[in-house]
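Worksheet for the structure shown next.
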Amino acid sequence: MIKQKYLFVFLGLTVLVILALSQSAKTQQKMRQVALDASAPVLNTFSRTKSFFTKVDTGLQTLQEAQAELEKLRTENSQLKMEVDVQRDLSKENDRLREMLGFKTESQFKLLPCRVISRDPSNWWNSVQINRGWYDDKNLDKDMPVVSPRGVIGKTSVVSKHITEVILLVDENCKIAAAVQGSNVQGIVVGDSNYQEGRPRARMKFIDRNASISVGELVFTSGLGGVFPQGLLIGTVAEVPPLSASSNFGLYREAIIEPAVDLRQLDELFIIVGAK
């Protein structure tokens, strides 16, 4: 009987322990649920904050990559632009040299090629120096025509062993016998010191007072002066001032001539040293 009593007591205690443990597990689960519910706002806020900074960091990395790519593209664009400019310059130089070669081949004159090597800033429109002298051609002398494929440049002045000074056609000391194409109106083209907008011009003087001359007509060398052969282009009639007692008198009138060659940019030229 005593053993049965202890057995019942043991079983009762076991059931109580099991019930206690079960109740404890439920309590812990309940407390855990309460804790999770309480921490949910904090966890959600932390998650959103982490996500935000992750996106910001990713965005910054993407922006830096985009800026690096943009800088790379700018560098490549600059290099390509430089290469295009070089190719354009080479193309222009090639065209100019082809024009010079064609002019020399087809010309009826013996031409001595030369290059402008110096230009005095104080006398920019008066003269240039070229890299040829009597050492390069024994026939080279003073008062020889200097031309380009586009037209007349001027004439030689002082000739040394390796360098020659060239007087430009817009200098007052350069005088060229000329004629207007078509009408054959004749006169003398002389340099004009009254420069217009940085582009010097020349005047065709001693034109017959009653001669018919119009703006746009071409003016060529007439060959009558003894220095320039006939048929070289000088320029175009730019203005024909009206007759007046103050600027025109006697038997003659004048015309303003725009040079055919851009005298601001002179590179390769030719000296006419004789006939072929």
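Among LEU168, LEU80, LEU111, what is the fewest-to-most ranking by other Cβ atoms within 10 Å?
With the fewest neighbours first, LEU168, LEU80, LEU111 line up as LEU80, LEU111, LEU168.
Using 1/(1 + (r/R0)^6) with R0 = 22 angstrom and r between the beta carbons of LEU101 and ASN139, what's the FRET efficiency to the nearest 0.05?
0.55
Looking at this model, which pairs from LYS92/LYS161; LYS104/LYS175; LYS104/LYS205; LYS110/LYS142; LYS92/LYS138; LYS110/LYS155 are more than 21 angstrom apart at the alpha-carbon?
Exceeds cut-off: LYS92/LYS161; LYS104/LYS175; LYS104/LYS205; LYS92/LYS138.
For MET144, MET100, what ranking results if the residue with the fewest other Cβ atoms within 10 Å of its Cβ goes first?
The order, fewest Cβ neighbours first, is MET100, MET144.
Placing +1 on the Cβ of each Lys and Arg and -1 on the Cβ of each Asp and Glu in the stretch 109-275, which of ASN210, VAL227, ASN126 has its Cα farthest towards the positive end of the resulting dipole?
Most positive-ward Cα: VAL227.
With the Cα gyration tensor of the stretch 109-275 in hand, give its eigenvalues times 5 under a square root as the equivalent ellipsoid semi-axes, listed largest first in whole angstrom.
Semi-axis lengths for the stretch 109-275 are 29, 17, 13 Å.
With 10 angstrom as the radius, rank LYS175, LYS81, LYS276, LYS155 by how many other C-beta atoms surround their C-beta, starting from the fewest.
The most exposed by this proxy come first: LYS276, LYS81, LYS175, LYS155.
Each reported figure results from applying straightforward, stated rules to the coordinates on display, with no laboratory input. If you're wondering where the values come from, they're calculated on a predicted model, not measured in any experiment. Cβ sites come from the backbone with ideal geometry, for glycine too, and all protein chains shown count toward neighbours.
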